1. Report, in degrees rounded to the nearest 10, the 0 to 90 angle that the Cα long axis of helix B:4-14 makes with the longest principal axis of chain B.
2. Identify unpaired cysteines across the protein assembly as shown, taking unpaired to mean no other cysteine Cβ lies under 4.7 Å from the residue's Cβ.
3. Just to confirm a number: summing +1 for Lys and Arg and -1 for Asp and Glu over residues other than B:P71 whose beta-carbon lies under 12 angstrom from that of B:P71, what do you get?
4. Provide, in order from the shortest bin, the percent of all Cα-Cα pairs of the range A:66-127 in each 5 Å bin, continuing until the bin that contains the maximum pair distance.
5. Please tell me which of these pairs span more than 32 angstrom C-alpha to C-alpha: A:K32/A:K63; A:K75/A:K135; A:K276/A:K356; A:K32/B:K29; A:K32/A:K248; A:K19/A:K127?
6. Using the Cα centre of the protein assembly as shown as origin and beta-carbon charges of +1 (Lys, Arg) and -1 (Asp, Glu), tell me which of B:L2, A:C341, A:A56 is placed farthest towards the positive end of the dipole.
7. What does the structure give for B:18-25 when I average, per residue, the other chain Cβ atoms found within 10 Å of the residue Cβ?
8. With the alpha-carbon atoms as the only input, what is the per residue convex hull volume for the range B:66-154 in Å³?
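Just so you know, all these numbers are worked out from the coordinates, no wet-lab data involved. In this text, all values refer to a predicted model and were calculated from it rather than measured experimentally. Heads up, the Cβs are rebuilt from the backbone with ideal geometry, glycines too, and the neighbour counts pull from every protein chain shown.
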Amino acid sequence: MEKPLTEHLRKDGKPLSLKEYEQVGGYQALRKTLKMTPQEIQGVVKDSNLKGRGGAGFSTGLKWSFVPMNAPKPKYLIANADEMEPGTFKDRILLEQTPHQLIEGMIIAAFAIQASESFVFLRWAYKTAAKEIIKAIHEAHEAGYLGKNILGSGYDLEMHLHTGVGRYMCGEETALLNSLEGKRATPRAKPPFPQVSGLFGKPTIVNNVETLCCLPHIINKGAEWFKKLSLTQDSGTKIYGVSGKVKKPGAWELPMGVTLRELIEEHAGGMKDGLKFRGALPGGASTDFLVEEHLDVKMDFAGVAAAGSRLGTGTVVVLDDKTCPVGFVKNLEHFFAQESCGFCTPCREGLPWIEKLLDSIDKGDGRTEDIKLLEAHTKLLGPGNTFCALAPGAMEPLQSALKYFRKDFEQHIQEKGCSYSKNYRPQTAAH
Amino acid sequence: MLSKQEIKEIDEAISLVPYKKAASIEALKVVQHHRHWVSDESLKELANYLDMSAEELDSVATFYNLIFRQPVGRHVILVCDSVSCWVMGEERIKEKLSERLQIDYGQTTQDGRFTMLPNPCLGTCDCAPAIMVGNDLYRNISIDQLEGILSKYE
């Protein structure tokens, strides 16, 4: 089983040095790239069927193809390293342990769209990654992989690190651009798409870290090889992760399309003793729950979509039978309510309302009609009614929790409390 | 007054962007790095330096949860309160910290040593629960370890 992104990681968790990265073939793909045309690079990546690993799953090659090639300088390439989706910790591994792989991927992507400036947009909390990326950018400069006339090719590219100052919204690509421009991270209207008018109004591509890290390998080994890494239609490997009350939480690079069961039972070692699997968010906080009947779902874009959810970031958060689903969803909605940028009304007003409803149900103050009210909100804040995908994403775990764990919501309301809580004393009308 | 060092660092940030205002977040970070927080006075000076109104800069500063517009303690404790950490016992960690330090979220200890804040997902969900103190990340923590962690910070 091939693991191109992670096979060379050091056992001690320290980053690969430039020398170590070069010894395992690092920057050979860049040399190859510089001898090709941007159109050829775009073609190989399009043929490889690489889809964005940040959650949306859009074809990377197709995204690049919208950049006008003859636009005047500058054009921008941005690595979205603002990994803030709750439950997601896959890019951290790549950022901390193979910074040169990311940089090589970024140079290839930048060359494919003929960008002259690039940024890594890194979240504040990733302190080790920040240190390693600054060091790696410096080393790449010294080695002639960045700067003027890269490896004598005549191609110029500068790279900078920007560390954020919080807010989940910065992961949304147009909000990220606003933040890089020194503004509040609110989303922009599309069109124009960033590919045409992005950072400072110039053509811009924003790609996820894991997506960018796939590029050197696609260039080295070809589109067909990349397709064959996967078990399904969606190409490549995927860094999957599992957190929650499993025996061995962690992240692993596996062929795209392994099943949820394999992830949880084999790689994560199964549930902790005495606990049963009740459900899972397959790809971070903003994805619909999958439950026991979905354990054999293939974890690729199409497979998870067919089960009514989204692959998202591919990092699974597990709900066990001793953890309250209402409390679990309340935690998620608290996060989304807090992280709403406040720009559009349904999201700004709706999410706190949902959080309050869930809080009162959780505390035993819920009313029977609250469930209907919550259901109405999943539509009112759903796709098409808000400015960006934050609120619709927030509705995914809520609507699926109301479907799969409805009895828990009803029980909280009827018995005026949470039966998962230690202090639980049921109070029903009969008492 | 912005110090020479602050101006040097802010100018560096400005050199990477097409106009001064675009460096506002970097500039706020510089000021916060040197002064631990961004006071009204610092904000006004900085806005002036960046050719912005103080109101506009404040609208940026207050949007981001890690720009501090109020004084904070010498060490800021960030408790991850997102879903994986919640499942793994974040509430008990927070309760214990609160009890030990006699502060709630958003408050600073009387001796000015610690400020405690909730933080969405620290991105280390396989090692939950997690907290950060200053720039240091602590993973897989239990209540018993808290005293040892706190004792590292004066």
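1. It works out to around 80 degrees.
2. So far as the 4.7 Å Cβ criterion goes, A:C170, A:C213, A:C214, A:C324, A:C341, A:C344, A:C347, A:C388, A:C418, B:C121, B:C125, B:C127 stand without a partner in the protein assembly as shown.
3. On the way: positive: B:R35, B:R69, B:R74; negative: B:D40.
That sum, taken over residues with Cβ under 12 Å, equals +2.
4. Distribution as computed: 4, 16, 25, 20, 15, 12, 6, 2, 0 percent.
5. On the way: A:K32/A:K63 22 Å; A:K75/A:K135 24 Å; A:K276/A:K356 29 Å; A:K32/B:K29 39 Å; A:K32/A:K248 40 Å; A:K19/A:K127 23 Å.
In this structure, A:K32/B:K29; A:K32/A:K248 lie more than 32 Å apart at Cα.
6. Checking the options against the dipole of the protein assembly as shown, the answer is A:A56.
7. On the way: counts 6, 3, 1, 3, 6, 2, 3, 11.
Mean partner shielding for this stretch: 4.
8. Numbers: hull volume 7.6 nm³, N = 89.
With only Cα atoms used, the range B:66-154 gives 85 Å³ per residue.
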